[in-house]
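The values are calculated or read from the model by the stated rules, or taken from the named source; none is laboratory data. Worth saying up front: this structure is predicted, and the values here are computed from it rather than measured. Positions of Cβ are generated from backbone atoms using ideal geometry, with glycine treated the same way; all protein chains shown enter the neighbour counts. What goes into the accessible areas is simple: the full protein's heavy atoms, side chains included, and nothing from ligands, DNA or RNA. Shrake-Rupley method; radii C 1.70, N 1.55, O 1.52, S 1.80 Å.
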Amino acid sequence: MSMEILNLRRATINDIDLIFEWANDPLTRAQSFSNKPILYDTHVAWFNKKIDDPGCFMYVLEYEGEPCGTIRVDQEKDAGIISYNIAPYWRGRGLGVAILKLLEGKIKSDAPNIHILKGEVKLYNLSSQKCFEYIGYTKTFENEYYLYTLTI
């Protein structure tokens with residue numbers, strides 16, 4: 001998939017329902033650290049808190065203007081903790097790698113005090129492991145998950 005027709009934009013309140021739908025996808029729930037379905041009221045409260053948090057950078061990936069994924073970075077000192085999700089219809093097309101690559105440039109611009117990106121990945125989430133490894137993140141084992149880190 002060509003990077004030229006992909007865009008990573010800041011999430012807005014208009015994305016609340018779309019991100020809720022993607023977050024409750026069965027595969028997304030299975031790969032998340034909390035497998036329980038998310039209630040809409042809980043999502044709304046969480047989303048509003050995140051969108052207003054100056055230490056949270058939430059983006060939507062678009063392919064030719066169509067939303068196809070989301071990625072969030074929560075700042076912890078000079079590090080950014082990554083959480084991302086590719087929409088069910090768009091999985092298997094290389095967008096995991098694309099969203100992570102695009103994030104590097106956005107974070108350098110939007111949060112220049114973040115120098116390390118980190119992603120926590122479940123042991124059996126092979127798709128995310130491959131994405132982080134392809135880009136060159138360093139992998140370490142942390143009890144029940146892999147921690148991927150990249151200095152930017």
- Query: Roughly speaking, to the nearest percent, how much of the chain's 1.4 Å accessible area is carbon and sulfur?
  - Reply: 53
- Message: Under the 0.36 nm per residue contour assumption, what length would be gained going from the current alpha-carbon distance of residue 34 and residue 142 to full extension?
- Response: 37.2 nm
- Item | Pair residue 44, residue 10: separation of 7 Å Cα→Cβ label points (nm) | 2.4
- Message: Sequence gap at least 6, Cα distance under 8 Å: using those rules, report the relative contact order of the chain to the nearest whole percent.
- Response: 20
- Item | Cα-based reach from residue 36 at 16 Å (exclusive), listing lysines while leaving out same-chain residues under 8 positions away | 122
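Within the stretch 1-81, which chymotrypsin sites (Phe, Trp or Tyr not before Pro) sit in a loop by DSSP and count at most 14 neighbouring Cβ atoms inside 10 Å? Display every interim value, and only then the final one.
Details: sites: 20, 22, 33, 40, 46, 47, 57, 59, 63; in loops: 33.
Answer in residue order: 33.
Where the eigenvalues come from the Cα gyration tensor of the stretch 40-83, what are the semi-axes √(5λ) of the equivalent ellipsoid, largest first, in whole Å? Present the calculation step by step, with values, prior to reporting the outcome.
Numbers: eigenvalues 79, 54, 12 Å².
Calculated on Cα positions only, the semi-axes equal 20, 16, 8 Å.
At a Förster distance of 22 Å, what's the computed FRET efficiency of residue 21 paired with residue 74, Cβ-Cβ distance as r, to 0.05?
Values: r = 21 Å, r/R0 = 0.98.
For R0 = 22 Å, the calculated efficiency reads 0.55.
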- Query: What do you get for Rg/Rh over the stretch 43-116 if you use C-alpha atoms and the Kirkwood form of Rh?
  - Reply: 0.98
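Hey, any idea what Rg/Rh is for the stretch 1-126, computing Rh the Kirkwood way over Cα pairs? Let's see the in-between values first.
On the way: Rg = 14.0 Å, Rh = 15.0 Å.
Ratio value, two decimals: 0.93.
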- Determine Rg/Rh for the stretch 71-152; Rg is computed over alpha-carbon atoms and Rh is the Kirkwood hydrodynamic estimate from the same atoms. 0.95
- Item | MRE, 222 nm, helices only [DSSP H, n ≥ 4, -39500 (n - 2.57), over the chain, to nearest 500] | -10500 deg cm²/dmol
- Message: Give the aspartates and glutamates whose C-alpha is closer than 20 Å to that of residue 130, dropping any in the same chain fewer than 8 places away, or say none.
- Response: 104, 120, 142, 144
- Message: For residue 152, what residues show an amide H to amide H distance below 5 Å, using hydrogens built from the backbone and excluding near sequence neighbours?
- Response: 116, 117
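Can you give the net charge of the other residues whose Cβ lies under 12 Å from the Cβ of residue 40, counting K and R as +1 and D and E as -1? The partial results should precede the final answer.
Values: positive: none; negative: 17, 21, 41.
Surrounding charge for residue 40 is -3.
Do any GluC sites (Glu not before Pro) in the stretch 42-139 lie in a DSSP loop with no more than 13 other beta carbon atoms within 10 Å, and if so, which? Can you show the working numbers first?
On the way: sites: 62, 64, 76, 104, 120, 133; in loops: 64.
Within the stretch 42-139, the qualifying GluC sites (Glu not before Pro) (loop, at most 13 other Cβ atoms within 10 Å) are 64.
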